Amino acid sequence: MILSLQPVQVATNSDDAESQLVFADGFLVAVLVRLSEQHGADAGKWFLEAGFGPVNRVAPSLFEDLGAARLWIIRQLGAGP
């Protein structure tokens, strides 16, 4: 499985615009949004704005960094430890 990320700006109606589209083998599986300073202690963390298929899970939806988000997505897709 090839997991790739594409940086984009998402219109979230907040300061949280920095985002990543996540593709698995060319299929869109998630949209991650980096939290802005308005989120206090969670600023800089990544939020699962949308997940599709096996990535459409309620928890966890907040990740310390993109590496943690990627690992969780890979596990949800059944391609990781």
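The residue of the range 56-68 that is surrounded by the most Cβ atoms within 10 Å (Cβ to Cβ), among those that are within 20 Å of Gln9 (Cα to Cα) and without any contact (Cβ under 8 Å) to a residue 40 or more places away in the chain, is Phe63. Before we move on, is Ala43 surrounded by fewer than 18 Cβ atoms within 10 Å (Cβ to Cβ) and in contact with a Ser or Thr (Cβ under 8 Å, 6 or more places away or on another chain)? It is true that Ala43 is surrounded by fewer than 18 Cβ atoms within 10 Å (Cβ to Cβ) and in contact with a Ser or Thr (Cβ under 8 Å, 6 or more places away or on another chain).
Filter the range 33-76 down to residues that are among the basic types (Lys, Arg) and part of a helix (DSSP H, G or I) and give me whichever is nearest to the chain's Cα centre (by Cα).
Our first condition is that a residue be among the basic types (Lys, Arg); within the range 33-76, this holds for 34, 45, 57, 70, 75.
Narrowing further to those that are part of a helix (DSSP H, G or I): 70, 75.
Numbers: Arg70: 7, Arg75: 13 Å.
In this case the residue turns out to be Arg70.
The residue that is surrounded by the fewest Cβ atoms within 10 Å (Cβ to Cβ), counting only those in the range 1-31 that are hydroxyl-bearing (Ser, Thr, Tyr) and within 13 Å of the chain's Cα centre (by Cα), is Ser4. When restricted to residues that are small (Gly, Ala, Ser), in contact (Cβ under 8 Å) with a residue 12 or more places away in the chain and over 23 Å from Arg75 (Cα atoms), the range 18-55 contains 1.
With respect to Gly80, determine if the residue is surrounded by 12 or more Cβ atoms within 10 Å (Cβ to Cβ), modelled with pLDDT of 90 or more and part of a loop (DSSP other than H, G, I, E, B). Judged against the criteria, Gly80 is not a match. Only one of the numbered conditions (1) touching a helix residue (DSSP H, G or I) at 6+ places or on another chain (Cβ under 9 Å); (2) outside any strand (DSSP E or B); (3) within 20 Å of Ile2 (Cβ to Cβ) is not met by Val22, and that is (2).
The values are calculated or read from the model by the stated rules, or taken from the named source; none is laboratory data. Predicted model only: the values in this text are computed from it and were never measured. Here the Cβ is made from the backbone with ideal geometry for all residues, glycine too, and neighbour counts use every protein chain on show.
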